[in-house]
Amino acid sequence: MIRLLYFARLREALGSVGEELTPQAGLTVEALMQQLAARGGVWAEEFGSGKSLRAAVNQTLAPVKTEIHDGDEVAFFPPVTGG
Amino acid sequence: MTIRVQADDFDVGAEINRLRQQRPDIGAVAAFVGQVRDLNQGDAIAGMTLEHYPGMTEKSLEAIVQQAKARWDIMDAVVIHRIGELKPLDQIVLVAVAGAHRGEAFHACEFIMDYLKTEAPFWKKEQTPEGERWVDARSSDDAARARWQDA
């Protein structure tokens, strides 16, 4: 299983703080985003429309080609605005 | 190195004293304090809520300070960022860096702030007269960060 987390504007748009998923072998951040977009509706809007989202794998910012493995924590969120 | 993410306010003087006390090898402390403004993009701001990603926030701030330490000969640093409900005039962030000389301390302090603004997982939601809105990331922050990559 992988643990998915959504933050800030994305969390509100999806109406979800996160979920658990079983990853296929060789899953990447990019492929996971396509998989989530395929749910349609707000998921397609957020993950499929080229909106700028950032991903983190195991709490480190991750490029879209990053591979995801069983047990990983994967987070999606808008560009950060702290400070 | 001190990294704290907290709802409570902080005392800048006390934090700087803690950083430099019993350290006669320190000759300079450079500090940045961020404050909540009452205006953003032309709209009055009554307050804001700071959300973060517990775990990753601390990890990313530690990594940013480590990068600054690898780059400049600094002795210690403190980074405190507040979360939760904040109002105009509230302090939101403190970055203070101690070194032997001012040049390294100034550079490292600015570097840490520029990376914090673009990499640390915090998000601001503002309260305006028209309702709440998530603050958009600014390209000027990306540009501020990018200049360290050429330096």
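The values are calculated or read from the model by the stated rules, or taken from the named source; none is laboratory data. In this text, all values refer to a predicted model and were calculated from it rather than measured experimentally. Neighbour counts are summed over all protein chains in view; Cβ atoms, including those assigned to glycine, are modelled from backbone coordinates with ideal geometry. Remember, those area values only see protein heavy atoms, side chains included, never the ligands or the DNA or RNA. Shrake-Rupley method; radii C 1.70, N 1.55, O 1.52, S 1.80 Å.
A few points about this structure:
- Remark on the protein assembly as shown: Rg and Dmax equal 19.2, 62 Å (Cα only).
- GNM remark for chain B: springs join alpha carbons under 10 Å apart, and the peak mean-square fluctuation among B:70, B:31, B:98 falls on B:70.
- Solution diffusion estimate, µm²/s, Stokes-Einstein, the range B:2-147, Kirkwood Rh from C-alpha pairs, 4 °C, viscosity 1.567 mPa s: 81
- Debye equation applied to the C-alpha atoms of the range B:70-151, log10 I(q)/I(0) at 0.19, 0.24 Å⁻¹: -0.96, -1.24
- In straight-distance terms, cross-link reach from residue A:51 covers every one of the lysines whose alpha-carbon lies under 23 Å from its own, apart from those fewer than eight places away in the same chain; here that gives A:65, B:117, B:124, B:125.
- When each of the peptides B:136-149, B:81-94 is scored by the mean number of other C-beta atoms lying within 10 Å of its residues, the order from highest to lowest reads B:81-94, B:136-149.
- Residue-wise HN-Hα couplings along the range A:74-83, as the Karplus relation 6.51 cos²θ - 1.76 cosθ + 1.60 with θ = phi - 60° gives them from phi, are 10, 10, 10, 7, x, x, 7, 9, x, x Hz; Gly and Pro carry x.
- Taken as Cα centroids, the range A:1-28 and the range B:114-151 sit 23 Å apart, rounded to the nearest whole angstrom.
- Legend: mean number of C-beta atoms from other chains within 10 angstrom of residue C-beta atoms, peptide A:69-82, equals 6.
- Length gained on full extension, residue B:1 to residue B:132: 43.6 nm, using 0.36 nm per residue less the C-alpha separation.
- Between residue B:43 and residue A:31, the C-beta separation translates, for a Förster distance of 41 Å, into a calculated FRET efficiency of about 0.55.
- Within the assembled protein chains, the solvent-accessible surface assigned to residue B:110 is about 90 Å², based on a 1.4 Å probe.
- Taking every residue in B:121-130 and counting other chain Cβ atoms within 10 Å of its Cβ, the average works out to 4.
- A full extension of the chain between residue A:17 and residue A:70 corresponds to an added length of 17.1 nm, given 0.36 nm per residue minus the alpha carbon distance.
- In Hz, Karplus ³J(HN,Hα) per residue of the range B:37-47 (6.51, -1.76, 1.60; θ = phi - 60°; x = Gly, Pro): 8, 9, 9, 8, 6, x, 10, 5, 10, 7, x
- Neighbour net charge for residue B:100 - beta-carbon separation under 11 angstrom, K R +1, D E -1: -1
- For the residues of B:111-120, the average number of beta carbons from a partner chain within 10 Å of their own beta carbon is 2.
- By the Stokes-Einstein formula, at 1.567 mPa s and 4 °C, the range A:2-77 with its Kirkwood radius over alpha-carbon pairs has D equal to 106 µm²/s.
- The separation of the range B:38-58 from the range A:63-77, counted between C-alpha centres, amounts to 26 Å.
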